[in-house]
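Below is one structure, written out as structure tokens; the observations come after it.
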Amino acid sequence: MLVRNAQLQVVSTQPLIARLLEDALHARLPEFPAVSLVLDWPVGFAFQMVTPESAASSFVLTQNACPEYLDDLWNLGLLGLAYRSRTLEELAELLRRAETRERVRLTPAQRSPLTPAEGDLLRLVARGLANKEIARELGIANQTVQNGLTRVFQKLGVSSRNEAIHLGCGARRSKKSEAGVMRTSQLLEYFNLPDLFTHVYVLVDDHFQQLSALGSYQLPKVHNRQSTPSELVTIALVGDLLGQKNSETWFALVRHLYADLFPHLPERSRYHRNLLAAEQLIASFGLSLGPKDADMFIIDSKPIPIAKGARMKRPRQQSEAKIGPGSMGWVMGYKLHAVVDVQGYFTRFAVVSANESEQGMARQLLTEHERSRTLGDKGYVGSGVYARTRENAKTPVAWPPVLGKLRKRIETVFSRLARCCSLGGVQLNSFQAVVTRTCRAVAAHNLMLHLERRVCPAA
């Protein structure tokens, strides 16, 4: 438990999460309400921490959607109960309501299609009890518990206890990916191509104008040009949004079909040279789309191989490419080291040789204060990042499932870069081309998130 203010108490098994949440709420609630905010993970933690005396001033945030479990929590006499992680603004508003002693409950309304007896079984399963403990709690035989759970699984069409807990309360899959990114087909439901070109162009050009006003970028002169950098970057990013792997074919299509939007496009070779020269502008634009008040980060690396297996030993013209470890073994090439926030936005990144260490890159990309608010995998142990230790570590770090699920957000983001933005799937013949392609992929990902929040603000 971590208490950092006399008014608001954040109760959690994870001091890091409690500290981050308390700092974030402090910025949104200058006057803290006299409430204990209990983070109910692992399952059953709230039952251990909430007493009859403290229930009237306790607000529980749980990730267990089992209706029977939620009813049991509510029947403790809680001041507030909310299911699943809410946004910080939502949570702050709920705490303001709780300060008036208004009881608040925001939990799923669906009910599981089980009998009362089966509901009792599911309730105890949701608390994390084993079959023997359930049998002892209900005063029945262990075999009766097993038979009852078999019927519950059959009714719900599941094969595990976790699936029974979630599907038994009517959980539904989201239409969006875990990283919250729309599919291309969904994007085109909201924009036709001319509108998409126009919207992206306005965003890109506004950013370039701001850079020019700050003196960090000089706009080209109107004469002696065929098109503006904003136009060329717009064409490239829209192609990346739509998953166009062959940039030459995409540029030819735009030049032929959308000459009214882009009447002064250069030749293909000049188009590619201009994009290579604009790598920093593209990266700056992409990173500018993310929120500036992120409270927590996730760091990881993704290999960008140019050769594998026996081909790694062949001489290469790309002197920057080195042999290094990757998720699927040793590779020759580069690595993308990236930091994302919990919404999936890239906040910073670097493309370096594959043999660069995770610990060293964490220190380069993040300040000491930021590293204390960042989750990483085992490769970042010792860098100041909150990372899961190895199984044989002398001083293991607590790593509950919620942190593991949160850290996997960046793996989902990397998967989308490879699948939709063609990162690593296109043959590139220079280090600069690799960096530019990566900048485009990062910018396209952040741009897709930005567009999604524009067309689906309530998502």
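The values are calculated or read from the model by the stated rules, or taken from the named source; none is laboratory data. What you are looking at is a predicted structure, and each value in this text was computed from that prediction instead of being measured. Neighbour counts are summed over all protein chains in view; Cβ atoms, including those assigned to glycine, are modelled from backbone coordinates with ideal geometry.
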Could you say whether any residue in region 29-37 is in a strand (DSSP E or B) and either surrounded by 22 or more Cβ atoms within 10 Å (Cβ to Cβ) or modelled with pLDDT under 75 (or both)? yes
Might you let me know whether region 222-230 holds any residue that is at pLDDT 75 or above and farther than 30 Å from VAL340 by Cα? yes
Do you know which of the residues in region 444-459 that are under 10 Å from LEU241 (Cβ atoms) and out of contact with any Cys (no Cβ under 9 Å at 6 or more places or on another chain) is modelled with the highest pLDDT? LEU447
Quick one: ALA393 ticks every box in (1) at pLDDT 80 or above; (2) over 28 Å from GLU279 (Cα atoms) bar one, so which box is it? (1)
Looking at region 363-410, which of its residues are of a type in the set (Gly, Ala, Ser) and under 17 Å from GLY344 (Cα atoms)? GLY376, GLY404
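In the list ARG407, ARG388, which residue meets the criterion of being touching a Leu at 6+ places or on another chain (Cβ under 6 Å), farther than 30 Å from VAL200 by Cβ and surrounded by 17 or more Cβ atoms within 10 Å (Cβ to Cβ)?
Values: ARG388 fails: touching a Leu at 6+ places or on another chain (Cβ under 6 Å).
Testing whether each residue is touching a Leu at 6+ places or on another chain (Cβ under 6 Å), farther than 30 Å from VAL200 by Cβ and surrounded by 17 or more Cβ atoms within 10 Å (Cβ to Cβ) leaves just ARG407.
Each row is one residue, and each column tells you yes or no for (1) under 17 Å from the mean Cα position of the chain (by Cα); (2) assigned to a loop (DSSP other than H, G, I, E, B).
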residue	(1), (2)
PRO325	no, no
MET332	no, no
ARG348	yes, no
VAL351	no, no
ASN355	no, yes
GLY360	no, no
THR389	no, yes
LYS394	no, yes
ARG407	yes, no
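Keeping to region 372-384, report how many residues are surrounded by 15 or more Cβ atoms within 10 Å (Cβ to Cβ) and over 18 Å from PRO325 (Cβ atoms).
Step one: list which residues in region 372-384 are surrounded by 15 or more Cβ atoms within 10 Å (Cβ to Cβ), which gives 373-377, 379-381, 383-384.
Now drop any that are not over 18 Å from PRO325 (Cβ atoms), which leaves 373-375, 384.
Within region 372-384, residues that are surrounded by 15 or more Cβ atoms within 10 Å (Cβ to Cβ) and over 18 Å from PRO325 (Cβ atoms) number 4.
Can you tell me which residue among TYR258, TYR217 is modelled with pLDDT under 80 and farther than 30 Å from GLY404 by Cα?
On the way: TYR258 fails: modelled with pLDDT under 80.
Going through TYR258, TYR217 in turn, just one is modelled with pLDDT under 80 and farther than 30 Å from GLY404 by Cα: TYR217.
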Evaluation of ARG136 against (1) among the basic types (Lys, Arg); (2) at pLDDT below 80; (3) closer than 29 Å to LEU39 by Cβ (one fails), failing number: (2)
